[in-house]
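Comments concern the structure below.
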Amino acid sequence: MDIHNLLNETANKLKAQLALSIQSKQSIISSNLTNIEVLSTYGVSYKKLLEHCENPISLKHFHDLIYRAKKKRANDQGDIPIHALQPHTTVLSGQPNRYKTESPSTSMVQIYSDAAWMAAGVNNDYLLNAVTHTDLTPDEVNSWHCPNTVQLSKRISEYRQRKMRRKQSCI
C-alpha cells in the first residue's frame, strides 16, 4: 500500500465532499474514518491531512469530528446492553426475579432471589445489577452492615475496583 496515494486519495475525497456541502462535516468524516485511521497508523498527522485537503476546518474541530466518529462507530458496534457484556450473569428464563451468577474462580452456579438481595439491603435495580455482575453473595453483602444504599453502593464499587486491580496485577 502506497501511503502517499492513500493520502492524496483521501484528501481529494474529503475536499470534494466538503466542497459539495451536501453532507454534514461529521458524516463526511465518519464515512472516511477508516482511511483516516490507516493514515494515522502510518504516521500521517491530522494536520498534514488537513493541509492536503486545503479546507477551512480547524485542527481542533477536525479532532472533535474524528473523536465523535470513533465514538459513534464504537456505540454502533457495541449496541449491546451493559448487562449483556457480563457473560457470567443471566436472568433465568421463565423465573422472574431470579438471577444466575457464575463465579469465575469456581464455576459454581448460584441462584439468589430478589428477596435474598432485599434482605441484604439491595433494594434498587442499579444495586441489583451491580451485585449480580460480581461474585458477591447476599451473605457477604449483609456482613458489610451498610445502613443505607449510598454506603452500600460505595462499598460495591470499592469491591469491584479491588477485584479489577487484583486481575490486573495477576496479568
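Some values worked out for this structure:
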item	result
Residue list for the stretch 5-53, filter: among the polar types (S, T, N, Q), in a helix (DSSP H, G or I) and either closer than 24 Å to LYS72 by Cα or open to solvent by 80 Å² or more (accessible area, probe 1.4 Å) (or both)	ASN5, THR10, ASN12, GLN17, GLN26, SER27, SER30, SER31, THR34, ASN35, SER40, THR41
Failed condition for ALA115, given (1) modelled with pLDDT of 80 or more; (2) more than 23 Å from the chain's Cα centre (by Cα)	(1)
Qualifying residue in the stretch 48-66 (condition: modelled with pLDDT under 50 and among the β-branched types (Val, Ile, Thr))	no
Subset of the stretch 137-148 that is in contact (Cβ under 8 Å) with a residue 24 or more places away in the chain and within 19 Å of TYR112 (Cα to Cα) - its residue that is surrounded by the most Cβ atoms within 10 Å (Cβ to Cβ)	VAL141
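The values are calculated or read from the model by the stated rules, or taken from the named source; none is laboratory data. Not measured: the values here are computed from a predicted model. Don't worry about glycine lacking a Cβ; one is built from the backbone with ideal geometry, like all the others, and counts go over all protein chains shown. Remember, those area values only see protein heavy atoms, side chains included, never the ligands or the DNA or RNA. Shrake-Rupley method; radii C 1.70, N 1.55, O 1.52, S 1.80 Å.
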